[in-house]
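Below: one structure, written as structure tokens.
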Amino acid sequence: MNGVTGRMGTNQHLVRSILAIRAHGGITGPDGTTVIPEPVLVGRNESKLARLAESHGGLAYSTDLASLLKDDRYTIYFDAQTTLRRFEDVTKAIAAGKHVYCEKPVATTSKDGFDLHKRAVAKGVKHGVVQDKLWLPGLLKLKYLIDTNFFGEILSVRGDFGYWVFTGERQPCQRPSWNYRKKEGGGLILDMFCHWRYVIDNLFGNVTSVFAHGATHIKQRWDEEGKPYTCDTDDAAYALFTTDRGITCQFNSSWCTRVRRDDLLTLHVDGTQGSAVAGLRQCWVQSDATTPRPVWNPDIDSPIDFRAGWQTVPNNIAYDNAFKTQWELFLRHIAFNEPFRWDLREGAKGVQLAELGLQSWKERKWIDVPSV
Ligand SMILES: NC(=O)c1ccc[n+]([C@@H]2O[C@H](COP(=O)([O-])OP(=O)(O)OC[C@H]3O[C@@H](n4cnc5c(N)ncnc54)[C@H](O)[C@@H]3O)[C@@H](O)[C@H]2O)c1
């Protein structure tokens with residue numbers, strides 16, 4: 001597990017996924033075989049790795065990726081390094097014949113992303129990319145509504161993502177400083193459009209075109225050492241996407257907005273028979289029959305409590321951590337040959353949408369998304 005001392009590597013992938021899977025006794029295949037993942041932590045900083053390994057009961061660790069790639073005991077390479085580092089090391093892992101699983105974005109250009117896919121196919125290794133949002137309880141509930149035809153015809157989707165990321169001047173920044181530097185692989189469009197690609201493709205139809213406008217709203221931030229630096233890449237994006245199911249999706253993404261909505265990400269879906277708003281865990285619905293009849297009158301306070309007219313989709317099943325759920329599916333793919341469709345090609349499509357979004361912003365026009 002490379003990049004495991006980072007925010008995502010430690011919290012989501014090591015602790016909440018791999019260690020949680022181990023604590024639950026591994027994964028069991030159709031023939032009763034149980035597989036328990038045995039991680040080795042990889043990074044550049046030996047003392048950081050040692051501390052992390054020690055705090056979880058003495059896990060194996062190494063700063064020597066090249067030797068590990070030659071070690072037959074380790075069959076999977078996982079990468080949660082900063083985006084810029086991904087292409088080179090995933091390439092090495094594929095060349096060494098390892099199965100690969102990695103964070104998004106798979107690369108900083110779609111050319112590199114699709115190239116990784118080609119290399120993995122040619123080498124015959126299995127591969128996957130993190131598409132965690134698909135297993136969020138709120139989005140699983142939304143999928144249930146779609147599959148059971150709650151909406152009738154889906155007309156449009158309004159995605160609202162973001163929160164206030166402190167500049168680091170008076171309060172520490174909640175995100176790493178490389179996120180705000182172009183040459184270090186930062187930028188909100190590259191980061192978030194990878195997510196919107198698989199969310200839209202999987203729930204609302206394949207994305208066919210994009211129109212995006214980006215912005216660098218906050219020009220100066222303070223880094224992990226408290227030093228000021230200039231932000232030279234986008235920290236907000238205002239985008240429209242169309243899909244091959246004729247659904248219009250409008251997504252606001254921002255690290256410079258203060259939250260007054262139900263969650264850090266909400267997807268508001270309007271259909272002819274009903275509407276829904278999905279957050280990370282909850283999902284609220286309003287059907288045609290329970291829709292109030294608003295009348296425009298700014299001279300009085302609203303007689304309708306609009307929030308009261310929605311019902312919550314119940315937690316009828318237990319929902320697990322989204323990253324862990326996808327890890328289990330990937331491990332089942334490796335160990336038991338079960339299907340896994342969230343692969344490097346799908347990951348590269350996310351980078352493709354980010355690139356086309358940046359192009360749309362630059363050229364101030366709609367861009368068609370070529371099918372791949
Ligand atoms: N799936 C999601 O929801 C999600 C959320 C946030 C970030 N991410 C992705 O996860 C990746 C990591 O993000 P993060 O927020 O954890 O970043 P981070 O800065 O907290 O961690 C990055 C890791 O990479 C290592 N690293 C950095 N530069 C390196 C170098 N030059 N050589 C070797 N190692 C290096 C760091 O030591 C650290 O372990 C990014 O690609 C990001 O886009 C995904």
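The values are calculated or read from the model by the stated rules, or taken from the named source; none is laboratory data. Keep in mind that this is a model prediction, so the values were computed, not measured. With ideal geometry, Cβ positions are generated from the backbone for all residues, glycine too; neighbour counts draw on all protein chains shown.
Of everything in the range 256-281 that's touching a residue at least 12 places away in the same chain (Cβ under 8 Å) and among the charged types (D, E, K, R), which residue is farthest from F323 (Cα to Cα)?
D270
Answer yes or no as to whether S275 is assigned to a helix (DSSP H, G or I), buried (at least 16 other Cβ atoms within 10 Å of the Cβ) and modelled with pLDDT of 95 or more.
no
Within the range 11-28, which residues are touching a helix residue (DSSP H, G or I) at 6+ places or on another chain (Cβ under 9 Å), among the β-branched types (V, I, T) and within 16 Å of the ligand (Cβ to nearest atom)?
I18
Does any residue of the range 317-327 turn out to be surrounded by 14 or more Cβ atoms within 10 Å (Cβ to Cβ), hydroxyl-bearing (S, T, Y), out of contact with any Asp or Glu (no Cβ under 9 Å at 6 or more places or on another chain) and at pLDDT 95 or above? Even if it seems obvious, please write down each step before you answer.
If we filter the range 317-327 for residues that are surrounded by 14 or more Cβ atoms within 10 Å (Cβ to Cβ), which is where we start, we get 319-327.
If we keep only those that are hydroxyl-bearing (S, T, Y) too, we end up with 319, 325.
If we keep only those that are out of contact with any Asp or Glu (no Cβ under 9 Å at 6 or more places or on another chain) too, we end up with 319.
If we keep only those that are at pLDDT 95 or above as well, we get 319.
Scanning the range 317-327, I find at least one residue that is surrounded by 14 or more Cβ atoms within 10 Å (Cβ to Cβ), hydroxyl-bearing (S, T, Y), out of contact with any Asp or Glu (no Cβ under 9 Å at 6 or more places or on another chain) and at pLDDT 95 or above, so the answer is yes.
Just one of (1) surrounded by 15 or more Cβ atoms within 10 Å (Cβ to Cβ); (2) within 21 Å of N321 (Cα to Cα); (3) of a type outside the set (F, W, Y) trips up A23, so point out which.
(1)
Residues are listed down the side, and each one gets a yes or a no for (1) assigned to a loop (DSSP other than H, G, I, E, B); (2) touching a strand residue (DSSP E or B) at 6+ places or on another chain (Cβ under 7 Å):
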position	(1), (2)
V15	no, no
G32	yes, no
E38	yes, no
R51	no, no
Y61	no, yes
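On the given criteria, is A66 of a type outside the set (S, T, Y), touching a Phe, Trp or Tyr at 6+ places or on another chain (Cβ under 9 Å) and not in a loop (DSSP other than H, G, I, E, B)?
no
I need the full set of residues from the range 157-178 which are in a helix (DSSP H, G or I) and touching a residue at least 60 places away in the same chain (Cβ under 8 Å), in order please.
Restricting attention to the range 157-178, the residues satisfying the condition of being in a helix (DSSP H, G or I) are 177-178.
Within the range 157-178, W178 is the sole residue that qualifies.
Could you count how many residues in the range 289-335 are more than 21 Å from the chain's Cα centre (by Cα), more than 22 Å from P137 (Cβ to Cβ) and in contact (Cβ under 8 Å) with a residue 60 or more places away in the chain?
Number satisfying all stated conditions: 2.
Restricting to the range 81-99, count the residues that are crowded, with 23+ Cβ neighbours inside 10 Å and of a type outside the set (D, E, K, R).
Residues flagged as crowded, with 23+ Cβ neighbours inside 10 Å and of a type outside the set (D, E, K, R) within the range 81-99 amount to 5.
Please go through the range 29-66 and pick out each residue that is exposed (fewer than 11 other Cβ atoms within 10 Å of the Cβ), of a type in the set (S, T, N, Q) and away from the ligand (no atom under 16 Å from the Cβ).
T34
Looking only at the range 306-316, which residues are surrounded by 12 or more Cβ atoms within 10 Å (Cβ to Cβ) and either hydroxyl-bearing (S, T, Y) or part of a helix (DSSP H, G or I) (or both)?
G309, the sole residue that qualifies.
In the range 195-237, what residues are buried (at least 22 other Cβ atoms within 10 Å of the Cβ), touching a Gly at 6+ places or on another chain (Cβ under 6 Å) and assigned to a loop (DSSP other than H, G, I, E, B)?
D234
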